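As structure tokens, the structure follows; a few thoughts come after it.
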Amino acid sequence: MNGDVFPVDRFEAERPGLRAVAYRMLGSLAEAEDAVQETWMRLSRTDVSEVKNPGAWLTTVVGRICLDMLRSRTSRREDPLPEQDGSVRLPDPVVTGFGRVDPEQEALIADSVSIALMVVLETLSPAERLAFVLHDMFDVPFDDIAPILGRTTVSTRQLASRARRRVQGAAPAADTDNARKRVVVDAFLTASRSGDFEALLTVLDPDVVARSDGGTLVPSVLRRGAADVASQAITFARFAADARLVLVNGTPGVVSFTEGRPLSVMSFTIRGGRITALNILTDPERLTTLGLSV
């Protein structure tokens, strides 16, 4: 590009895509924004006169920043892996109303980036996550990813392949028809509210897994099997004075409130018309950052 100063308006045009990369890499909306801001700071100190493809260049910069953040997080062991030592750590959900997804939110959740997929990404090593996210989700060539990791192109390709197998094994394809999924979620919500145990069993897969992330203030819970999950759903519904159908990462989910404050965000994985996984964020600190209101 001409000149050595990157135009602010050009960066702002790239910002939604950069946030999308950072969200997939970090699973945190706040950290994703921090990574994008750091990208801008580095950009302001860099001579970009020789950059021919600014969008691709910025993608690799934000990827490098996210990689450093992930490695720092791992070295401090500040976040447990999902289900490690009984703890559950869920990524931040992107919550929207039906039919009200703005362009930036749409960029964040494009390509069916479900909470279930984000949970699997949390289990990858930082290097695997970078290789998979940049190549498989954003079509960045391995030749451009390898220097970020300090690896050869062949080694980087192998990293992405290993990550791809893990993702495909842990997060198989789910139902995609949102209208049908909404029917299932609505049936779950109705049965939970009414305490109808048998009705819940009809919408839950026999091997359903429910993960609840309460952060540091509320105990995390991991439950398996339709009977156990149904019992917990009925118990939980008694505390939720108001539950609303919403979109969580673009797919039907539920936000529950009590006394006007958010109690939980529930995302559902549905296959064959049955719920195979429930991921529930109940962390009061993180819920307050999502801007949820009745």
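The values are calculated or read from the model by the stated rules, or taken from the named source; none is laboratory data. Because the structure is a prediction, the values reported are computed rather than measured. Virtual Cβ from ideal backbone geometry, glycine too; neighbours counted across all protein chains shown. Side chains are part of the model used for accessible areas, which takes the heavy atoms of the whole protein and leaves out ligands, DNA and RNA. Shrake-Rupley method; radii C 1.70, N 1.55, O 1.52, S 1.80 Å.
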Considering only residues that are open to solvent by 20 Å² or more (accessible area, probe 1.4 Å), aliphatic (A, V, I, L, M) and under 25 Å from residue 114 (Cβ atoms), which ones fall in region 210-225? 218, 221, 222
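Within region 238-249, can you find the residues that are over 19 Å from the mean Cα position of the chain (by Cα), within 21 Å of residue 97 (Cα to Cα) and touching a residue at least 24 places away in the same chain (Cβ under 8 Å)? Explain how you work it out, then say what you get.
So in region 238-249, the residues over 19 Å from the mean Cα position of the chain (by Cα) come out as 238-244.
Then drop every residue that is not within 21 Å of residue 97 (Cα to Cα), which leaves 240-244.
Selection gives 240, 242, 243, 244.
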Mind listing just one residue for me: the one in region 154-181 that is buried (at least 18 other Cβ atoms within 10 Å of the Cβ) and at pLDDT 95 or above and, of those, farthest from residue 252 (Cα to Cα)? 156
Any residue in region 1-22 that is of a type in the set (Asp, Glu), open to solvent by 80 Å² or more (accessible area, probe 1.4 Å), at pLDDT 85 or above and more than 17 Å from the chain's Cα centre (by Cα)? yes
Take region 122-132 and flag every residue that is in contact with an Asp or Glu (Cβ under 9 Å, 6 or more places away or on another chain) and surrounded by 20 or more Cβ atoms within 10 Å (Cβ to Cβ). 129
Is at least one residue of region 187-202 closer than 30 Å to residue 127 by Cβ and not charged (D, E, K, R)? no
Can you find a residue in region 183-197 that is at positive phi and not aromatic (Phe, Trp, Tyr)? yes
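Which residues, taken from region 275-294, are outside any loop (DSSP other than H, G, I, E, B) and more than 19 Å from residue 170 (Cα to Cα)?
Looking only at region 275-294, we keep the residues that are outside any loop (DSSP other than H, G, I, E, B), and these are 275-281, 284-290.
Across region 275-294, the qualifying residues are 281, 284, 285, 286, 287, 288, 289, 290.
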I need the full set of residues from region 250-274 which are in contact (Cβ under 8 Å) with a residue 60 or more places away in the chain, open to solvent by 10 Å² or more (accessible area, probe 1.4 Å) and either β-branched (Val, Ile, Thr) or in a loop (DSSP other than H, G, I, E, B) (or both), in order please. 250, 251, 269, 272, 273
Would you confirm whether any residue within region 42-53 is modelled with pLDDT under 85, within 17 Å of residue 144 (Cβ to Cβ), surrounded by fewer than 15 Cβ atoms within 10 Å (Cβ to Cβ) and among the basic types (Lys, Arg)? yes
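Looking for something modelled with pLDDT of 65 or more, in a helix (DSSP H, G or I), out of contact with any Pro (no Cβ under 7 Å at 6 or more places or on another chain) and closer than 29 Å to residue 288 by Cβ - is there at least one such residue anywhere in region 122-132? It would help to see each step written out before you state the result.
First, pick out the residues of region 122-132 that are modelled with pLDDT of 65 or more: 122-132.
In the following step, the residues that additionally are in a helix (DSSP H, G or I) were identified as 126-132.
Pick out the ones that are also out of contact with any Pro (no Cβ under 7 Å at 6 or more places or on another chain) and you get 126-132.
With closer than 29 Å to residue 288 by Cβ added as a condition, the list becomes 126, 129.
Yes: region 122-132 contains one or more residues that are modelled with pLDDT of 65 or more, in a helix (DSSP H, G or I), out of contact with any Pro (no Cβ under 7 Å at 6 or more places or on another chain) and closer than 29 Å to residue 288 by Cβ.
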Pairs needed: first member in region 37-64, polar (S, T, N, Q); second member anywhere, open to solvent by 40 Å² or more (accessible area, probe 1.4 Å) and assigned to a loop (DSSP other than H, G, I, E, B); C-beta distance under 8 Å; at least 6 residues apart or different chains. 49/1; 49/2; 49/3; 49/4; 59/138
Residue 228 fails exactly one of (1) of a type outside the set (Ser, Thr, Tyr); (2) within 21 Å of residue 120 (Cβ to Cβ); (3) in a helix (DSSP H, G or I); (4) open to solvent by 40 Å² or more (accessible area, probe 1.4 Å), namely (2)
